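Following: one structure in structure tokens, then a few remarks.
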Amino acid sequence: MNIVVLIKQVPDTTDVKIDPRTGTLIREGVPSIINPDDKHALEEGLRIREKFGGTVTVLSMGPPQAEDALMEARAMGADTTVLISDRAFAGSDTLATSYALARSVITTGEWDIVLGGRQAIDGDTAQIGPQTAELLGVPQVTYCIEIDIAEDGRSVTAKRALEDGYEVIETKLPALFTVIKDINQPRYPSIRGIVNVCRDCDVQTWNAKDIGASKKMIGLDGSPTQVARTFAPEPKGDGLILEGPPEQTTKELVKHLRDKNVVRVR
Ligand SMILES: Cc1cc2nc3c(=O)[nH]c(=O)nc-3n(C[C@H](O)[C@H](O)[C@H](O)COP(=O)(O)OP(=O)(O)OC[C@H]3O[C@@H](n4cnc5c(N)ncnc54)[C@H](O)[C@@H]3O)c2cc1C
């Protein structure tokens with residue numbers, strides 16, 4: 001079973017601060033991590049390899065520092081790690097990114113299953129999985145909490161989370177799955193894995209030419225998204241504290257809620 005896992009390096013958002021003057025993220029000094037959902041995707045890939053054999057190839061598109069995320073993936077047990085990096089990718093929106101990732105999956109050779117996280121904690125669109133599946137022309141199951149591959153290694157039953165329950169989907173491989181954190185508990189990098197990474201830190205790098213990407217489909221040329229405006233959300237006020245006897249404060253509260261159209265009293 002040849003398994004491909006998509007991981008994104010993201011800023012650790014618990015530490016992210018907004019520059020109040022420019023409204024942009026202050027990235028200096030902010031540590032980077034593997035996007036949390038993606039660790040679960042990698043764990044699932046490693047478990048599938050343990051059951052069926054084969055290889056786990058991890059792909060990440062990003063700047064050179066994304067190599068750190070790939071080294072961590074290697075220490076967790078990935079067989080091959082590839083950084084997809086080229087100035088030609090600058091300005092890529094989700095469609096151009098999905099195109100580059102789909103081309104990269106194809107470049108890995110014969111593959112059976114692609115796993116990714118549901119959503120990245122920085123970009124937050126959850127578009128990459130579905131778009132990549134479309135570009136690869138394979139079935140997709142998103143929001144997976146269980147992926148059960150039949151003994152024949154060809155058909156899959158996947159359970160996907162909905163707001164008020166779950167859905168069970170059957171499909172054939174090759175296919176793409178995005179996962180959420182409830183699917184498993186990711187392992188820590190093993191001591192052996194860390195030693196192997198230190199001895200042989202072999203992260204491959206592929207550029208646009210290596211993956212056979214058309215210039216029209218990547219970077220700004222391949223990105224139909226127009227960002228009209230970016231802004232930081234207004235800080236919330238301190239809230240309203242009503243003081244006085246319950247009869248009076250209840251009336252005041254109802255008035256506030258009516259004024260804000262939260263409730264309608266007949
Ligand atoms: C007009 C425009 C220009 C942009 N220019 C740039 C730019 O110059 N540089 C830049 O870094 N970003 C740029 N971006 C942002 C970039 O397009 C997104 O970060 C990227 O498409 C991923 O989207 P997302 O974070 O919403 O991922 P989601 O769709 O939320 O991610 C879902 C899953 O897809 C996989 N995934 C997502 N991104 C990657 C990745 N890069 N590698 C491997 N797997 C991945 C992961 O498994 C992840 O859990 C730009 C966006 C727009 C709209």
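Going through GLN185, GLN204, GLN248 one at a time, which residue ends up being over 30 Å from THR80 (Cβ atoms) and not hydroxyl-bearing (Ser, Thr, Tyr)? Only one candidate passes the filter, namely GLN248. Selection of the range 17-66 for residues being within 15 Å of the chain's Cα centre (by Cα) and part of a strand (DSSP E or B) yields SER32, ILE33, ILE34, VAL58, LEU59, SER60, MET61. Of (1) within 16 Å of the ligand (Cβ to nearest atom); (2) part of a loop (DSSP other than H, G, I, E, B), GLN204 satisfies all except one. Which? Here GLN204 meets the rest and fails (2).
Conditions tested, residue by residue: (1) in the same structural domain as MET71 (by TED's automatic domain parsing); (2) without any contact (Cβ under 8 Å) to a residue 24 or more places away in the chain; (3) under 30 Å from ARG160 (Cβ atoms); (4) touching a Cys at 6+ places or on another chain (Cβ under 9 Å).
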site	(1), (2), (3), (4)
ILE183	yes, no, yes, yes
CYS198	yes, yes, no, no
ILE211	yes, no, yes, no
LYS215	yes, no, no, no
PHE231	no, no, no, no
LEU242	no, yes, no, no
PRO246	no, yes, no, no
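The condition (being within 20 Å of the chain's Cα centre (by Cα) and of a type outside the set (Lys, Arg)) is satisfied by just one residue among ASN207, ASN184: ASN184. Taken over the range 116-171, the criterion of being free of Cβ contacts under 8 Å to residues at least 24 places away in the same chain, open to solvent by 80 Å² or more (accessible area, probe 1.4 Å) and either more than 14 Å from the ligand (Cβ to nearest atom) or small (Gly, Ala, Ser) (or both) is satisfied by ASP148, GLU151, ASP152, ARG154, GLU163, ASP164, TYR166, VAL168, GLU170.
Within the range 39-55, the residues that satisfy the criterion of being open to solvent by 50 Å² or more (accessible area, probe 1.4 Å) and farther than 13 Å from ILE149 by Cα are LYS39, THR55. You will find that of ILE33, ILE113, ILE121, the residue that is of a type outside the set (Ser, Thr, Tyr) and closer than 26 Å to GLY137 by Cβ is ILE113 and no other. For the range 197-243, filtered to residues that are at pLDDT 85 or above and hydroxyl-bearing (Ser, Thr, Tyr), the residue that is surrounded by the most Cβ atoms within 10 Å (Cβ to Cβ) is SER223.
The values are calculated or read from the model by the stated rules, or taken from the named source; none is laboratory data. Please read all numbers here as calculations on a predicted model, not as lab measurements. Cβ sites come from the backbone with ideal geometry, for glycine too, and all protein chains shown count toward neighbours. We work out accessible area using only protein heavy atoms, side chains counted, and drop any ligands, DNA or RNA first. Shrake-Rupley method; radii C 1.70, N 1.55, O 1.52, S 1.80 Å.
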